[in-house]
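Written below as structure tokens is the structure these notes are about.
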Protein chains: 2
Amino acid sequence: MKIYDIALGPYPARVRIALAEKNMQSGVEFVPVDLLKGEHKAPEFLSKNYSGTLPVLELEDGTFIAECTAITQYLDALDGAPTLTGKTPREQGLIHMMSKRAELEVLDAISTYFHHATPGLGPDVERYQNAEWGLYQRDKALRGMRYFDSILRAQPFVAGGAFSMADITLIGGLIFAGYVDLAVPAECSALLAWYDRMQERPSVKNRVAMSESATAST
Amino acid sequence: MKIYDIALGPYPARVRIALAEKNMQSGVEFVPVDLLKGEHKAPEFLSKNYSGTLPVLELEDGTFIAECTAITQYLDALDGAPTLTGKTPREQGLIHMMSKRAELEVLDAISTYFHHATPGLGPDVERYQNAEWGLYQRDKALRGMRYFDSILRAQPFVAGGAFSMADITLIGGLIFAGYVDLAVPAECSALLAWYDRMQERPSVKNRVAMSESATAST
């Protein structure tokens with residue numbers, strides 16, 4: 001398998017964490033994509049992923065799978081023993097719901113803030129910006145953090161009693177928040193405590209170095 | 001099971017079509033939510049779905065599952081015989097990718113156009129509008145239609161050789177396009193032919209009447 005990504009990216013983090021949680025990182029070849037040069041918006045990359053976003057997984061047969069949720073679903077099904085996307089129908093439904101909610105209310109909202117209300121990836125890449133929309137999404141993300149704080153006061157993980165894809169998505173959101181200096185409100189103590197615990201996980205801690213070790217072992 | 005929705009809604013259509021494709025519509029109680037009165041943004045509904053969107057599924061144990069993809073995943077897993085979200089890991093990955101892409105590039109883009117660059121649900125409900133962003137998303141949706149036309153020139157269904165959740169999501173997009181009078185470009189003949197075929201499916205044809213027949217049988 002090949003993964004087209006950038007080591008520090010918040011969305012790429014989602015797939016790197018999933019890979020490590022599944023213990024599937026060996027044998028993966030990481031292909032860096034230069035976001036600052038806009039390589040992800042160039043025709044060659046768009047032929048791999050129409051939406052022009054990272055990461056993209058390439059299978060041995062040449063199939064490209066984009067979108068973090070889709071890649072995670074693929075990886076989790078690969079060994080026949082799902083640990084990230086749920087076993088029972090109820091678990092699957094709740095994990096997909098909470099992961100989507102973490103996208104909508106935090107991660108994607110912060111991404112929109114970054115690309116629209118800050119210099120983002122620079123004027124050569126950010127061809128269209130809508131600052132008002134970006135600021136609106138920043139405020140939405142802050143509300144989203146408060147929502148997830150309320151959830152994490154009642155249960156140890158985002159989708160219930162076990163670590164799942166939904167935690168990974170929210171981790172991606174807080175990684176992005178860190179990059180854009182959007183502080184988690186101090187009163188969100190349950191969210192902050194959860195994030196401290198998440199950062200202790202080897203999958204989260206070692207995600208950036210993963211591409212180096214994978215390259216070294218291949 | 002209860003479903004909180006509105007019979008004509010494009011997102012509710014996604015779950016109604018999934019229910020009918022799985023032959024699970026009997027015994028479902030439909031609870032109408034009045035969008036024009038903003039019931040979906042009122043505290044009582046937000047306690048069911050923080051994001052304030054339809055549809056929401058309520059299980060017998062009182063669990064709420066929101067987000068069409070999550071509900072579809074739940075329903076498809078329920079009978080142990082997935083027909084909408086893929087059997088193999090590769091199928092699952094491709095179906096989730098194409099369904100997400102149909103959201104990003106068509107359905108969600110048209111929804112944003114509707115809520116931001118048209119009167120939407122009216123001034124009492126649309127408290128914040130960003131018309132420029134709405135028009136940008138309309139243009140994105142038109143490009144998205146051309147992309148899916150190119151896909152449907154090469155394969156009979158959105159995610160490959162079989163009907164799936166990805167088709168349902170794109171159907172939702174074209175239903176919404178019809179409501180807002182956003183015509184599919186005439187040169188998108190493969191997309192238009194696919195949509196004609198989709199509208200012949202009983203699940204698509206009978207989706208609005210579904211709540212009446214379900215109520216009649218309960």
Test residue A:111 against the criterion of being among the small types (Gly, Ala, Ser) and in contact with a Leu (Cβ under 9 Å, 6 or more places away or on another chain), and give yes or no. no
Of those in the range A:14-54 that are outside any helix (DSSP H, G or I) and small (Gly, Ala, Ser), the residue farthest from residue B:94 (Cα to Cα) is A:38
Go through the residues of the range B:122-130 one by one and say whether even a single one is buried (at least 22 other Cβ atoms within 10 Å of the Cβ) and farther than 30 Å from residue B:26 by Cβ. no
Here are the criteria: (1) modelled with pLDDT of 95 or more; (2) within 14 Å of chain A (Cβ to nearest Cβ). Tell me which single one residue B:118 does not satisfy. (2)
Right, residue A:72: touching a helix residue (DSSP H, G or I) at 6+ places or on another chain (Cβ under 6 Å) and not in a helix (DSSP H, G or I) or not? no
For residue B:80, only one of the following conditions fails: (1) at pLDDT 95 or above; (2) within 11 Å of another protein chain (Cβ to nearest Cβ). What is its number? (1)
Would you tally the residues in the range B:45-65 being among the aromatic types (Phe, Trp, Tyr) and in contact with a helix residue (DSSP H, G or I) (Cβ under 7 Å, 6 or more places away or on another chain)? 2
Starting from the range B:125-142, take each residue that is more than 10 Å from chain A (Cβ to nearest Cβ) and list its partners that are in a loop (DSSP other than H, G, I, E, B), counting only C-beta distances under 6 angstrom and pairs at least six apart or across chains. B:125/B:38; B:126/B:120
Can you find a residue that is acidic (Asp, Glu), exposed (fewer than 14 other Cβ atoms within 10 Å of the Cβ) and under 20 Å from the mean Cα position of the chain (by Cα) anywhere in the range B:160-171? no
Please name all residue pairs, on different chains or six or more residues apart, with Cβ atoms under 8 Å, provided the first residue is in the range B:35-51 and is of a type in the set (Ser, Thr, Tyr) and the second residue is assigned to a helix (DSSP H, G or I). B:50/A:101; B:50/A:105; B:50/A:147; B:51/A:101; B:51/A:104; B:51/A:105
So, of the residues in the range B:66-80 that are in contact with a Pro (Cβ under 7 Å, 6 or more places away or on another chain) and surrounded by fewer than 21 Cβ atoms within 10 Å (Cβ to Cβ), which turns out to be farthest from residue B:169 (Cα to Cα)? B:78
Filter result for residue A:63 (exposed (fewer than 15 other Cβ atoms within 10 Å of the Cβ), more than 20 Å from residue B:100 (Cβ to Cβ) and β-branched (Val, Ile, Thr)): no
Only unsatisfied item for residue B:58, checking (1) within 12 Å of another protein chain (Cβ to nearest Cβ); (2) crowded, with 23+ Cβ neighbours inside 10 Å; (3) touching a residue at least 24 places away in the same chain (Cβ under 8 Å), is (2)
Going by what's in this entry, would residue B:208 be described as of a type in the set (Val, Ile, Thr) and surrounded by fewer than 17 Cβ atoms within 10 Å (Cβ to Cβ)? yes
In the set B:190, B:166, which member is farther than 14 Å from residue B:106 by Cα and touching a residue at least 40 places away in the same chain (Cβ under 8 Å)? B:190
I'd like the residue in the range B:88-104 that is closer than 15 Å to residue B:168 by Cβ and hydrophobic (A, V, I, L, M, F, W, C) and, out of all such residues, is nearest to the other protein chains (Cβ to nearest Cβ). B:97
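The values are calculated or read from the model by the stated rules, or taken from the named source; none is laboratory data. Quantities reported herein were computed from a predicted structural model and do not represent experimental measurements. All Cβ positions, glycine included, derive from the backbone under ideal geometry; neighbour counts span all protein chains shown.
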